[in-house]
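Readers should treat all values here as calculations from the given coordinates under stated rules, not as data from a laboratory. As the structure is a computational prediction, the values presented were derived from the model and not from experiment. Backbone-built Cβ (ideal geometry, glycine too); neighbour counts: all protein chains shown.
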Amino acid sequence: MGNVKSKKWVKESTEYSNTKVALENLFIIQGEQIPVNEIERDPKYPRIESIVNFLNRNGIENLVVELGEDSLRKIPFPCLAQIIETDDKNLEKGQVRFVVLNSLNGRLCNYLDSKKGWVEIEVDTFLDISTGIFVLVSKPENDDVDSISNVVTDAEDVPSMFSVGTSAAIFFILLIGYIFFAKVDKPGKLTHLRRIKLTIANELPRFDLSLG
């Protein structure tokens, strides 16, 4: 993790603050200083829609995607990952929360949990606790196609948040997306399949951070 691990990250003060703090830590790892307090005023907070709304309001390119291991290894890091934290006292209960996934190297991955700090575990173990939902976030000043490339939706689904100047890049991203066969939707788009999956995965959360 090198220099990334040495950066001063923010610890969540309450479970309810997880969404906000996870996004703040993502920006810290990216080397950005972007105030995120306003996200708590979003009526969708602490759900994933509030993250998408915040990023869109600030003109930051993002994609909400559902990925398996093969596609996950091809996306740019860091990104937000949605996991289910189990209750040691009741294994049937779980709390859905966000962490900052920093890298996958071989059979190991490391991520920043705003409650526990840096965690390094086997990829298979991480996939067991992952909902499969990730938020890819481009660095605000980065207009390069690699910012959130490798996974993308159909051309007609490209939202208005992309400027005319990035049109050529979008078509290139489309080709990359089809090559990787990733399941994606436009930012904020909620599919029936993902609603079902997260409803099942998140039957008993303390705070519902799912897609709704």
Fewest-first ordering of R47, R97, R73 by Cβ atoms within 10 Å yields R73, R47, R97
Scalar couplings 3J(HN,Hα) for the stretch 78-85 by Karplus 6.51 cos²θ - 1.76 cosθ + 1.60 (θ = phi - 60°), nearest whole Hz, x for Gly and Pro, are x, 8, 8, 10, 9, 10, 10, 8
D124 neighbourhood, Cβ < 9 Å, K/R = +1, D/E = -1, net charge -2
Sorted by chain and then number, the residues having a modelled amide H within less than 5 Å of the amide H of V96, at least 5 places away or on another chain, are E85, R206, F207, L209
Compactness check, the stretch 1-126: C-alpha Rg relative to the 2.2 N^0.38 Å globular estimate gives 1.04
The number of Lys pairs in the stretch 1-131 whose alpha carbons lie under 20 Å apart, excluding pairs fewer than 8 residues apart on one chain, is 19
Residues whose built amide H sits under 5 Å from the amide H of K115, excluding neighbours closer than 5 in sequence, are E12
The rounded separation in angstrom of the Cα centers of the stretch 1-31 and the stretch 41-68 is 16 Å
When the charge dipole of the stretch 39-122 is computed with +1 on Lys and Arg Cβ and -1 on Asp and Glu Cβ about the Cα centre, the Cα farthest towards its positive end, among C79, W118, P46, belongs to P46
Phi angles of the stretch 35-47, converted by Karplus (6.51 cos²θ - 1.76 cosθ + 1.60, θ = phi - 60°) into ³J(HN,Hα) in whole Hz with x for Gly and Pro, give x, 10, 4, 5, 4, 5, 8, 5, x, 8, 5, x, 6
Plugging the Cβ-Cβ distance of N56 and L108 into 1/(1 + (r/R0)^6) at R0 = 30 Å yields, to the nearest 0.05, a FRET efficiency of 0.35
Residues meeting the amide H criterion for S103 (H placed from the backbone, H to H distance under 5 Å, 5 or more places apart or on another chain) are N110
To the nearest 0.05, the calculated FRET efficiency linking K44 and K139 through their beta-carbon distance, R0 being 35 Å, is 0.90
Between the modelled labels at T14 and D128 (7 Å from Cα along Cα→Cβ) the distance in nm is 3.3 nm
